[in-house]
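S.K.: Structure below; questions to follow.
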Amino acid sequence: MIFSTLIRIMTVCLLGMVLAFAPALGYGEWRKPLGPIFTGLEGQPRSIVAVPAKLGTDELATIRVFEKATQSVVYITNTAIRRDFWSLNTFEVPQGAGSGIIWNRQGHIVTSFHVVYGAHSIKVIMADQTSHEASVVGVDPDHDLAVLKIQAPRNKLVPVTVGNSHDLRVGQKVLAIGNPFGLDHTLTTGVVSALGRTIKSVNDRTIEDVIQTDAAINPGNSGGPLLDSFGRLIGINTQIISPSGAFAGVGFAVPVDTVSRVVPQLIKFGKVIRPALGVSLLPDVIAARWGIQGLVIARVQPRGPADRAGLRSARETPRGRIKLGDIIKKIDGVPVNVFDDLVRILDRHKVGDRVMVEVQRNGKSRKVSIQLEPLK
């Protein structure tokens, strides 16, 4: 008790000393200066360092790309219908946001499928901040792509410049424009970190030849463009790898070569017209259980491409046993062991292409040429 009383007395004394000497320190009332302390150069404004009249060449190139390409980038928001648990009334709630690009002057907008998935209504906000209701023209969940349509004046629609992705090189400069966390028309830069990556789409299908980049991509960038140093579209930003859910230096973009193949079909047909062999296959797990390497044909579509090529399906014998059909071992010389292998190969072809299929029948191999037809 006595010790704590002494501490209080010492504290009061020290405070009194500080206040008593405050004028000598340049202060009157607490924290209120009496006047200027420094009268030399220390109290004068800092001089401005002159810089060259022109920005650096690289800076100017980046600025030009952004100023041109940003006119082709849009901000996308969507809402979903919810039902009140108590009153059973329905109402709209914000569901998500993302980015998109203007594809043509007819008002088609390309974005990521997951940006508009499950949406009841979609709004597209353009660079001039005008807002337009959008309708869904077509979707391709396998490649996480979607096409929307808006009604806007043609002079307001500035289509993105389309490049290619098959000749990209690791290390070349890239730019991403999008709306991360709702901050519209944000520019980030980086390089191509890797090529030929594979990622899983929203429906768990494999997307091939994906571009990896360290350009900052965050929630809201999805559906926005990845551009090369000339401002040409080389990919659609789609995913990130991050423990926290925010930028961690690893982002992915669907290559523009895939986009250029898929988007015209979505505009024309509302879906992707996939080439097919005209066969149904046994599930991979059953083939693996039986120790079979390859794709086991369960059924051949009558009068389809495989049927015309003479392929056989599995059938039941008079004794009730299953006799295996042909087993697809290779397509165009590439081994196929699971269904995803087949999808990956066919995804590189279009309807009307011919592929060389190697099958095994009763332990013997044979090759047949099959012309691909639309999937039915």
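The values are calculated or read from the model by the stated rules, or taken from the named source; none is laboratory data. Everything quoted here is computed from the prediction, not taken from an experiment. Heads up, the Cβs are rebuilt from the backbone with ideal geometry, glycines too, and the neighbour counts pull from every protein chain shown.
S.K.: Are there any pairs with C-beta distances below 6 angstrom linking a residue in segment 120-144 that is touching a residue at least 24 places away in the same chain (Cβ under 8 Å) to a residue that is assigned to a strand (DSSP E or B) and among the small types (Gly, Ala, Ser), with the two at least 6 apart or on different chains, and if so which?
M.R.: HIS120/ALA80; ILE122/ALA134; LYS123/SER131; VAL124/ALA134; ILE125/SER131; VAL139/ALA146
S.K.: From the list ASP332, ASP353, ASP340, pick out the single residue that is at positive phi and in contact (Cβ under 8 Å) with a residue 24 or more places away in the chain.
M.R.: ASP332
S.K.: On to the next question. Kindly indicate whether SER193 is assigned to a strand (DSSP E or B), in contact with a strand residue (DSSP E or B) (Cβ under 9 Å, 6 or more places away or on another chain) and more than 30 Å from ALA61 (Cα to Cα).
M.R.: It is false that SER193 is assigned to a strand (DSSP E or B), in contact with a strand residue (DSSP E or B) (Cβ under 9 Å, 6 or more places away or on another chain) and more than 30 Å from ALA61 (Cα to Cα).
S.K.: When the residues of segment 158-188 are filtered to those that are out of contact with any Phe, Trp or Tyr (no Cβ under 9 Å at 6 or more places or on another chain) and crowded, with 19+ Cβ neighbours inside 10 Å, which remaining residue is nearest to TYR75 (Cα to Cα)?
M.R.: THR186
S.K.: So, in segment 234-275, of the ones that are touching a strand residue (DSSP E or B) at 6+ places or on another chain (Cβ under 6 Å) and assigned to a loop (DSSP other than H, G, I, E, B), which residue ends up nearest to LYS173 (Cα to Cα)?
M.R.: The qualifying residue nearest to LYS173 (Cα to Cα) is VAL272.
S.K.: Quick one: what pairs do we get from segment 239-258, first residue farther than 13 Å from ALA215 by Cβ, second exposed (fewer than 15 other Cβ atoms within 10 Å of the Cβ) and not polar (S, T, N, Q), C-beta under 6 Å, 6+ apart or different chains?
M.R.: Sorted first by the residue in segment 239-258, then by its partner, the pairs are ASP257/HIS166.
S.K.: Which members of segment 107-160 meet the condition of being part of a helix (DSSP H, G or I) and either under 16 Å from GLY270 (Cβ atoms) or in contact with a strand residue (DSSP E or B) (Cβ under 7 Å, 6 or more places away or on another chain) (or both)?
M.R.: Passing the criteria: PHE113, VAL115, VAL116, PRO141, ASP142, HIS143.
S.K.: When you go through ALA306, ALA298, ALA253 one by one, which is the residue that is surrounded by fewer than 20 Cβ atoms within 10 Å (Cβ to Cβ) and out of contact with any His (no Cβ under 8 Å at 6 or more places or on another chain)?
M.R.: Result of the check over ALA306, ALA298, ALA253: ALA298.
S.K.: At pLDDT 90 or above, surrounded by 12 or more Cβ atoms within 10 Å (Cβ to Cβ) and over 28 Å from ASP204 (Cα atoms): is that true of VAL368 in this structure? First the steps, then the outcome.
M.R.: Values: at pLDDT 90 or above: yes; surrounded by 12 or more Cβ atoms within 10 Å (Cβ to Cβ): yes; over 28 Å from ASP204 (Cα atoms): yes.
Criteria met by VAL368.
S.K.: I've got another one for you. What are the residues in segment 217-233 that are closer than 20 Å to GLN71 by Cα and either assigned by TED's automatic domain parsing to the domain that holds LEU145 or not in a strand (DSSP E or B) (or both), if any?
M.R.: Of everything in segment 217-233, those that are closer than 20 Å to GLN71 by Cα and either assigned by TED's automatic domain parsing to the domain that holds LEU145 or not in a strand (DSSP E or B) (or both) turn out to be ILE217, GLY220, ASN221, SER222, GLY223, GLY224, SER229, PHE230, GLY231, ARG232.
S.K.: While we're on this one: Would you confirm whether or not segment 189-210 contains a residue that is within 14 Å of VAL74 (Cβ to Cβ), under 11 Å from the mean Cα position of the chain (by Cα) and either touching a residue at least 40 places away in the same chain (Cβ under 8 Å) or not assigned by TED's automatic domain parsing to the domain that holds VAL124 (or both)?
M.R.: no
S.K.: Only one of these is closer than 29 Å to ASP257 by Cα, modelled with pLDDT of 90 or more and not assigned by TED's automatic domain parsing to the domain that holds VAL147: VAL357, VAL338, VAL300, VAL343. Name it.
M.R.: Matching residue, one of VAL357, VAL338, VAL300, VAL343: VAL357.
S.K.: Moving on to the next point. Could you list, in sequence order, all residues of segment 99-150 that are polar (S, T, N, Q) and closer than 24 Å to ARG261 by Cβ?
M.R.: If the condition is that a residue be polar (S, T, N, Q) and closer than 24 Å to ARG261 by Cβ, then SER99, ASN104, GLN106, THR111, SER112, SER135 are the ones that fit.
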